[in-house]
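Visitor: Got a structure for you, questions after.
The values are calculated or read from the model by the stated rules, or taken from the named source; none is laboratory data. This is a predicted model, so every value here is computed, not measured. Heads up, the Cβs are rebuilt from the backbone with ideal geometry, glycines too, and the neighbour counts pull from every protein chain shown. The protein model used for the area step is the full one, side chains on, heavy atoms only, and it has no ligands, DNA or RNA in it. Shrake-Rupley method; radii C 1.70, N 1.55, O 1.52, S 1.80 Å.
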Amino acid sequence: MPFLYLKPYNFRNLSDGNIDLLSKEVFFTGLNGQGKSNIIEGLYYSSYGSSFRTRNDSEIIKNGHDEMSLHSMYKEENGSTHTTVISIEKGNKKIERDGKILRDRKELVNTMPCVLYNHDDLDFAIGEPERRRFFIDQSLSMYDILYIDVLRKYKRILKNRNLCLKEQNYELLDTYDIQLIMNGLEIQKKRYGAVFQFNMIFGKLYEQVTGIENVSIKYVPSWKNRQNENMLPELDEVETLIKSKRESEKILQTTMTGPHRDKIIFVKDGLPFVPTASTGQRRLVALVLRTAQAFYYTQVTGKKPVLLMDDVLLELDPDKRQRMTELLPEYDQLFCTFLPGEPYERYRKNSTRVYEIRNGMWEEVKG
């Protein structure tokens, strides 16, 4: 489902007007701070209704203004075209697709599936466990709307249960425990499946780029099956575990077990890999993980994603950069940002559009 154009209005520092995107590969080049990443952010925002750079929508509005909009058009494989409009006026966000207002952002998720590569992905290797949980949850949410619902329910129940603990309103805990377990086990089931499928992809890709064998992803759930760590625990096992933590939770005033405490780690030959890995090897863990996400999406849905790459190849040596580009999965479109002097001509094809971005304005580079 390729983009045909993006039309920003009061978005970041970008000028207003159509950016023609009707090409399989589109490159943006220019100095830092000129607006290259803002275009990538605009494409991502059009796909998911949220930014990867901020949780505060007011920050994406151009300085001195109190409203903004992003119009985009994309094309289905059958040739039919669709439009999306995301606007913010007086602090209120509105999302439209083909003229119909969407009541929930999740309805937009499957419209234009994008896989984003950016600098913050390094957190998936070296950041807090929450960031790795986010990555797996994001991978599942790209195609499974029901998973989004379960995740939301779990977070709502967890919030209410923690409130009960803080307010010492203990009579409701048993009710919340059952709800927490039912939704939590569903999350664990989905995460088990996702990590299993990722491991069919990730280790091979990582070896092809780095030459390092037997690197894999290990899922360490908070609720474990005592007999088999690769299976979901029985409901009564989880109930027993939660009850055993009750008194400690009353003191700490927080829920101590559940999918919100799950860990996802990278191992080599069964031992933690990241603590002893070099900076370059850690960076490649994040890059290969994103590539695996794109392969995983296609494997599950049969559809090709749009790839957004924001200055992520810059830190690799030429050899590994070449290997990474050779291992990219099939895509509907590829959008890349480059600094001046980077050899984007090496990756350019006859149909590739190249834009120079300067002070939020874009000009196509011919030839």
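Visitor: Are any residues in segment 204-224 surrounded by fewer than 18 Cβ atoms within 10 Å (Cβ to Cβ) and aliphatic (A, V, I, L, M), and if so, which ones?
Guide: Residues satisfying the conditions are Ile212, Val220.
Visitor: Can you name every residue in segment 149-203 that is part of a loop (DSSP other than H, G, I, E, B), within 18 Å of Phe135 (Cα to Cα) and open to solvent by 40 Å² or more (accessible area, probe 1.4 Å)?
Guide: Met200
Visitor: Of all residues in segment 117-139, how many are of a type in the set (A, V, I, L, M, F, W, C), under 13 Å from the mean Cα position of the chain (by Cα) and either open to solvent by 30 Å² or more (accessible area, probe 1.4 Å) or modelled with pLDDT of 95 or more (or both)?
Guide: Residues that pass the stated criteria total 4.
Visitor: For the condition free of Cβ contacts under 8 Å to residues at least 60 places away in the same chain, of a type in the set (Val, Ile, Thr), in contact with a Lys or Arg (Cβ under 9 Å, 6 or more places away or on another chain) and under 30 Å from Phe295 (Cβ atoms), what is the one hit in Val195, Val209, Val220?
Guide: Going through Val195, Val209, Val220 in turn, just one is free of Cβ contacts under 8 Å to residues at least 60 places away in the same chain, of a type in the set (Val, Ile, Thr), in contact with a Lys or Arg (Cβ under 9 Å, 6 or more places away or on another chain) and under 30 Å from Phe295 (Cβ atoms): Val220.
Visitor: Go through segment 329-347 and report how many residues are over 20 Å from Tyr74 (Cβ atoms) and either without any contact (Cβ under 8 Å) to a residue 40 or more places away in the chain or surrounded by fewer than 16 Cβ atoms within 10 Å (Cβ to Cβ) (or both).
Guide: Adding up the residues that qualify gives 6.
Visitor: It is to be established whether one or more residues within segment 255-269 are modelled with pLDDT of 95 or more, buried (at least 20 other Cβ atoms within 10 Å of the Cβ), in a loop (DSSP other than H, G, I, E, B) and aromatic (Phe, Trp, Tyr).
Guide: no
Visitor: In segment 281-307, which residues are open to solvent by 50 Å² or more (accessible area, probe 1.4 Å), among the small types (Gly, Ala, Ser) and part of a helix (DSSP H, G or I)?
Guide: Of everything in segment 281-307, nothing turns out to be open to solvent by 50 Å² or more (accessible area, probe 1.4 Å), among the small types (Gly, Ala, Ser) and part of a helix (DSSP H, G or I).
Visitor: Within segment 151-168, does at least one residue satisfy the condition of being of a type outside the set (Gly, Ala, Ser) and on the phi > 0 side of the Ramachandran plot?
Guide: Checked segment 151-168: at least one residue is of a type outside the set (Gly, Ala, Ser) and on the phi > 0 side of the Ramachandran plot.
Visitor: Considering Tyr143, Tyr154, Tyr147, which residue is among the hydroxyl-bearing types (Ser, Thr, Tyr), modelled with pLDDT of 95 or more and more than 25 Å from Glu247 (Cβ to Cβ)?
Guide: Just a single option satisfies the conditions, and that option is Tyr147.
Visitor: Please verify whether segment 69-78 includes one or more residues that are aromatic (Phe, Trp, Tyr), within 24 Å of Ser139 (Cβ to Cβ) and crowded, with 18+ Cβ neighbours inside 10 Å.
Guide: For segment 69-78, residues aromatic (Phe, Trp, Tyr), within 24 Å of Ser139 (Cβ to Cβ) and crowded, with 18+ Cβ neighbours inside 10 Å: present.
Visitor: Taking the condition of being outside any helix (DSSP H, G or I), in contact (Cβ under 8 Å) with a residue 60 or more places away in the chain and open to solvent by less than 50 Å² (accessible area, probe 1.4 Å), how many residues in segment 231-254 meet it?
Guide: Qualifying residue count, segment 231-254: 1.
Visitor: Which pairs turn up if I take residues in segment 30-50 that are at pLDDT below 95 and open to solvent by 10 Å² or more (accessible area, probe 1.4 Å) and look for partners that are of a type in the set (A, V, I, L, M) and assigned to a helix (DSSP H, G or I) with beta carbon separation below 9 Å, at least 6 apart in sequence or on another chain?
Guide: Matching pairs, first to second residue: Tyr48/Leu108.
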